[in-house]
Structure formats: structure tokens, C-alpha cells
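Beneath this line is the structure, given in C-alpha cells, with notes to follow.
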Amino acid sequence: MDIKTSFVLIMSIVFFLLIYNFKMIILKLIGKKFFRFNVNVVVVISVVGCLLAVSAVWAGTEVGGEIKADTTWTREGSPYILVKTIEIPKNKTLTIEPGVTVQMPGAFTMFKLKGRLVARGIEEEKIIFDGGGNSDFFDAQNSGNTAFLDLDYAVIRDGGRFWQGGFGYFSLRHSELENLSAHSTLYYPAEEVY
């Protein structure tokens, strides 16, 4: 059982106990003849509370704009929903941990690279980049030789271009490219591409 599922289960039990205890306190204060609290009401309120807890837990993390410092995206914050292109400047690194999902619902480029993006999943917990059917993924145009993309056990799916130009370079290992609608261009990489 993962952390999110455990959290929702615990919150459901706590919420049910709180509502049940609230019912008992009201019955003692007001008396049974003035206040009838049906068990069905307790169940309905508990279900609503659980749904609110689930929506809060699975909402994801909205991100966008320039990375100001070295940054790590964790599985607990996943999915990361890009509301605008993530720009990784020279001498900065964005690290994405195994099991993270990155989504781009709009028609933009997901990442503009001048620095480093390191996304090393593992076989059991791949990192997923979902372009939402229309987004490009990695743009290294006008980057110089400092742009580097390091992907291992990643899935890049449902988008346009995987890679767009520049002098940057990348390493793509144990990864899958699925349902991409445009070709990628690699111009004069600064290092070997493998």
C-alpha cells in the first residue's frame, strides 16, 4: 500500500470516528427526543469527507516558469502538472525521482533546457512524461553546451517532439517513446549522444 492510499484510509477512519463522536455528544447535550441522528447521515458525511480527502491527495502539484535553484520533484508531489514551460537555466539542475508523473495539458514545450534535467527512474517505477496529445518535451535551442538531459527508465508519450535542436546533448537509456507526432532535431551536440 502506497503513502497516498494509506493516508486516505487513515483519514476516512478518523473522519468517521469524529462524526460518530459528534453524534454522541449532541445526543447527550440535547437529548434523544429533540435530536435524531441517523446512522445513514454518519455514513454520508463520512463518504463526503473521504471524497474531499481523496481529491486533496490526488490533486497533484502545479508548476511552471524558471527553476531558481537546484530542485527535486518527488513521488509524493506527483503528478506534476505544468501550467507553463519549465525553464532550467545554466548551472541549475532539476532532478525527478522514480515514480513521478509529469503532465502538460496545454500545447506548450514542457522543458526549456540550458541547465541539466536528471530523471532516473527504475524498472518498477518509471518516470512518465505525458504531453497531453500536443506538447513538445525538451527544447535545447539557443542553449550552448550546458544543456543536458539524462533519462533512464522513462516513458515519453502522447506529444509532439521529443527533442528540439541546440548544442545540448542527452542520454536516453531503458526508456520508451510512445505516440509522438513530430520528428526531433539534433544539431551539433556538445557531447556524445547515447
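The values are calculated or read from the model by the stated rules, or taken from the named source; none is laboratory data. Every value quoted in this text rests on a predicted model; they were computed, and no experiment measured them. We place every Cβ from the backbone using ideal geometry, glycine too, and count neighbours over all the protein chains shown. Protein only, heavy atoms only, side chains kept; ligands, DNA and RNA dropped before computing areas. Shrake-Rupley method; radii C 1.70, N 1.55, O 1.52, S 1.80 Å.
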Tally, over region 80-100, of residues that are under 22 Å from I122 (Cα atoms), touching a helix residue (DSSP H, G or I) at 6+ places or on another chain (Cβ under 9 Å) and open to solvent by 30 Å² or more (accessible area, probe 1.4 Å): 2
Inter-residue pairs, beta-carbon under 6 Å, first in contact (Cβ under 8 Å) with a residue 12 or more places away in the chain and in region 75-90, second of a type in the set (K, R), 6+ apart: T85/K112; E87/K112; P89/K114; K90/K114
Matching residues in region 60-75 - criterion: being open to solvent by 60 Å² or more (accessible area, probe 1.4 Å) and either in a loop (DSSP other than H, G, I, E, B) or at pLDDT below 95 (or both): K68, D70
Members of region 151-175 found to be over 20 Å from the mean Cα position of the chain (by Cα), part of a strand (DSSP E or B) and of a type in the set (G, A, S), listed by number: S171
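Name the single residue that is modelled with the lowest pLDDT among those in region 162-177 being open to solvent by less than 70 Å² (accessible area, probe 1.4 Å) and closer than 14 Å to F129 by Cβ.
F170
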Any hit, region 141-149, residues being open to solvent by less than 10 Å² (accessible area, probe 1.4 Å), aliphatic (A, V, I, L, M) and within 21 Å of S181 (Cβ to Cβ): yes
Of all residues making up region 104-127, the number that are of a type outside the set (D, E, K, R), surrounded by fewer than 19 Cβ atoms within 10 Å (Cβ to Cβ) and under 21 Å from R75 (Cβ atoms): 3
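Being outside any loop (DSSP other than H, G, I, E, B) and among the acidic types (D, E) is the filter here, so list the residues in region 113-142 that pass it. I'd like the intermediate steps shown before the answer.
Of region 113-142, the ones outside any loop (DSSP other than H, G, I, E, B) are 113, 116-120, 122, 125, 127-130, 136-139.
Matches in region 113-142: E125, D130, D136, D139.
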